[in-house]
Amino acid sequence: MAELLLELFSEEIPARMQTRGADELKRLVCEGLTGAGLDCAQADAYVTPRRLALYIDGIPARQPDIREERKGPKVGAPDKAIEGFLRGAGVDSLDSCEKRETPKGEVWFAVIEKKGRDTKDVLPDLLAAAIHKLVWPKSMRWAGNTMRWVRPLHSILAVFDGAALDGALDLGGESIAFGYRTWGHRFLSPDYMTANNFKDYVADLKHGHVILDAAERRRIIAEDLDKLANAEDLDLKEDPGLLDEVTGLVEWPVVLVGTIDAEFMELPPEVLTTAMRSHQKYFTLLNEDGSMAPRFALVSNMKTDDGGARIVAGNERVLRARLSDARFFWDQDRKESLSSRTTQLGDITFHAKLGTLDAKVDRVEALAVEIAKHIDGADRDRVARAARLAKADLVTGMVGEFPELQGVMGRYYALADGEHEDVADAIRDHYAPQGPNDSCPSAPVSVAVALADKIDTLAGFWAIDEKPTGSKDPYALRRAALGVIRLIIENGLRVDLLPVFGAAFDNYPASVIGGAENTSVCSDLLSFFADRVAVHLRGEGVRHDLIAAVFALDGEDDLVRLLARVEALQGFIESDDGANLLTAFRRAANILRIEEKKDGTSYDTAPDTGGFVQDEEAALGRALEAASAAVAKAVEQEEFTSAMAALAALRGPVDEFFDEVTVNEKDADLRANRLRLLSRIRVTMGLIADFSQIEG
């Protein structure tokens, strides 16, 4: 057994693509080895900004010999059949084949023996094929080559069993020969080094100021950040995403701390952190009280003789220039009120088919006021004002420079204009929640505007038939629907969605919606929401079929009520009574479906109680009448657990009916009456949910 060491050395690979690239390279090479009959004991992928590395151990030195048999035609078969068999088997003549007796007579068999090749001869083509198959989210061509790669490749280290492989990668112009050379840190150790095994490779790279393992680099950065923050009696603002990103930007991490000029500390903290994080990849440091300290941490890719003083000074200078721009925008933006900027939204297109942002604001304002009727504590004047101003900060200089701050800056500018705090908070919150991990607004005004903004968007795109398809969702409509669901569920809002969807649809002019119809659009949108609710609740262990069963009820569009039904239904189905009653429901439904189809009629009318012959019929009839009344009352009062208990009482009478009563009697009247009795089971249980949607 031997080890394979592969390194693809290139220009800097974007941090967000590194992990996936390394994993894909590992997958492709391992699949190639398996396909070549070369299993391995261990495979590990590594990545730094300038290299993808792969270490695979336990590879056989040679492929196994293969003996393959192919069954052919009968002896004496036509010549053309024989020729086709020989051609497919890759043999020259029947002299290389055997005759064998089979139950169908004497048959030709071709025995093909393939000698295994040395692994070192197999690997070059296998590795080249894997490299060519690796697809990057974004790639490029360079020089006169036709091959695409994430960044220009410079060298390929490919060593098997201590020796460099004899092969090359064709770039579609030039080629890169496999070898045993690699390079250390671009500035600290620019000379090449050689490696013929993984252990020496890792050690030599570390000596050359390259830490190969990304997990080790991440740990070093995290520990040094905490150490330097503690040394200054400060706390580090946790930012796992930024930590992952800077890990992919450096090969030899060195953590340093810089100072923010006091004159910039009057800026909103979100401006400071956005400028530092998004543009400079700096970490924020906090005082003991959680306020932002005038210090920042950076991760350099250099070790210097002065302890990083010049690096810190250079980064402070860059940050000073960026924050000077931010302060200019901050001062300039406050010279105009937010309300004076709303007219400029007419110059911004929201969507080519849905009009301008100014038109959207008009719709959102009207819809938000309508939604506010369903939210306790939502002052309609404040809701209308917040909706009117919600998008105004999009035309400010600060948001133009830092788009991530839309909504956030609107809040600051609204407070500076003297707007009510509820209005200002709603401007900030109306985009939320923007994902499953984003916090959900709870203030009444914020909730009303956030719902209106998202529902208006959904209704508009549904009206113009621009819905998500497959994995494509260019307008993030699934995220918007999930935001609506979370806003309603987490705030316990009692709102019927169909009327709200209808109001949103009606806010669009006829020139936008064309021939789309309110009812069909809203119904289709509600079905989309049913799917999103199922996705949202799947992680909480709620069965998707139970959600479908409740959503199938006519007019069930209150998410809070729906979830209460689903919760009660899940408890019921998981009980013995519920499971057995579900089986009985299916039996009744199947009989009805077959007989109604055969007779060409429906048996949904009430049975004739005077027509009951057996005690079990009468008992079931009485039980269904009592259960129907109890379920209807419980549903009306939204006591769904009580409704399920009323259904559970049906188990005994239903079981006895099926045990003792024959439905398909020869007497036509008796048969019809018993079918009508079965339909009462379907109708009564249908008051709770559509049990036909529930899986086993």
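Checking Ala262 against (1) closer than 30 Å to Gln406 by Cα; (2) open to solvent by less than 20 Å² (accessible area, probe 1.4 Å), which single condition isn't satisfied?
Result: Ala262 fails condition (2) only.
Which residue out of Glu625, Glu567 is within 13 Å of Ile688 (Cα to Cα) and either open to solvent by 20 Å² or more (accessible area, probe 1.4 Å) or of a type outside the set (Asp, Glu) (or both)?
Among Glu625, Glu567, only Glu567 is within 13 Å of Ile688 (Cα to Cα) and either open to solvent by 20 Å² or more (accessible area, probe 1.4 Å) or of a type outside the set (Asp, Glu) (or both).
Pairs, please: C-beta under 8 Å, at least 6 apart or cross-chain, first residue surrounded by 17 or more Cβ atoms within 10 Å (Cβ to Cβ) and in segment 79-91, second among the aromatic types (Phe, Trp, Tyr)?
These pairs meet every condition: Ile82/Trp108; Phe85/Trp108.
Just name the residue that is nearest to the chain's Cα centre (by Cα) out of those in segment 224-259 that are hydrophobic (A, V, I, L, M, F, W, C) and part of a loop (DSSP other than H, G, I, E, B).
By that ranking, first place goes to Leu249.
Can you tell me how many residues in segment 118-174 are surrounded by fewer than 15 Cβ atoms within 10 Å (Cβ to Cβ), touching a residue at least 12 places away in the same chain (Cβ under 8 Å) and in a loop (DSSP other than H, G, I, E, B)?
Residues flagged as surrounded by fewer than 15 Cβ atoms within 10 Å (Cβ to Cβ), touching a residue at least 12 places away in the same chain (Cβ under 8 Å) and in a loop (DSSP other than H, G, I, E, B) within segment 118-174 amount to 12.
Six or more apart or on different chains, Cβ under 6 Å: which pairs go from a residue in segment 105-117 that's of a type in the set (A, V, I, L, M, F, W, C) to one that's modelled with pLDDT under 85 and in a strand (DSSP E or B)? Could you list them?
Pairs found: Phe109/Glu69; Val111/Glu69; Ile112/Glu68.
In segment 523-548, which residues are more than 20 Å from Pro468 (Cβ to Cβ), open to solvent by 20 Å² or more (accessible area, probe 1.4 Å) and either in a helix (DSSP H, G or I) or among the aliphatic types (A, V, I, L, M) (or both)?
Within segment 523-548, Val542 is the sole residue that qualifies.
Out of the helices (runs of 4 or more DSSP H) lying entirely within segment 408-516, which hold 1 or more residues that are of a type in the set (Ser, Thr, Tyr)?
Correct list: 408-416, 444-463, 510-513.
Can you name the condition, by its number, that Ala387 falls short on among (1) in a helix (DSSP H, G or I); (2) modelled with pLDDT under 95?
So Ala387 meets the others, but not (2).
Among the residues of segment 20-31, are any open to solvent by 70 Å² or more (accessible area, probe 1.4 Å), within 21 Å of Leu243 (Cβ to Cβ) and not in a strand (DSSP E or B)?
Yes, segment 20-31 contains a residue that is open to solvent by 70 Å² or more (accessible area, probe 1.4 Å), within 21 Å of Leu243 (Cβ to Cβ) and not in a strand (DSSP E or B).
Report, by residue number, each residue of segment 596-619 that is among the aliphatic types (A, V, I, L, M) and in contact (Cβ under 8 Å) with a residue 24 or more places away in the chain.
Answer for segment 596-619, where residues must be among the aliphatic types (A, V, I, L, M) and in contact (Cβ under 8 Å) with a residue 24 or more places away in the chain: Ala606, Val613, Ala619.
Taking segment 215-253, which residues are open to solvent by less than 50 Å² (accessible area, probe 1.4 Å), of a type in the set (A, V, I, L, M) and out of contact with any Phe, Trp or Tyr (no Cβ under 7 Å at 6 or more places or on another chain)?
Ile220, Ile221, Ala222, Ala229, Leu234, Leu243, Val246, Val250 - these are the residues of segment 215-253 that are open to solvent by less than 50 Å² (accessible area, probe 1.4 Å), of a type in the set (A, V, I, L, M) and out of contact with any Phe, Trp or Tyr (no Cβ under 7 Å at 6 or more places or on another chain).
The values are calculated or read from the model by the stated rules, or taken from the named source; none is laboratory data. Just so it is clear, the model here is predicted, and its values are computed rather than measured. Cβ: placed from backbone, ideal geometry, glycine included. Neighbour counts: every protein chain shown. Remember, those area values only see protein heavy atoms, side chains included, never the ligands or the DNA or RNA. Shrake-Rupley method; radii C 1.70, N 1.55, O 1.52, S 1.80 Å.
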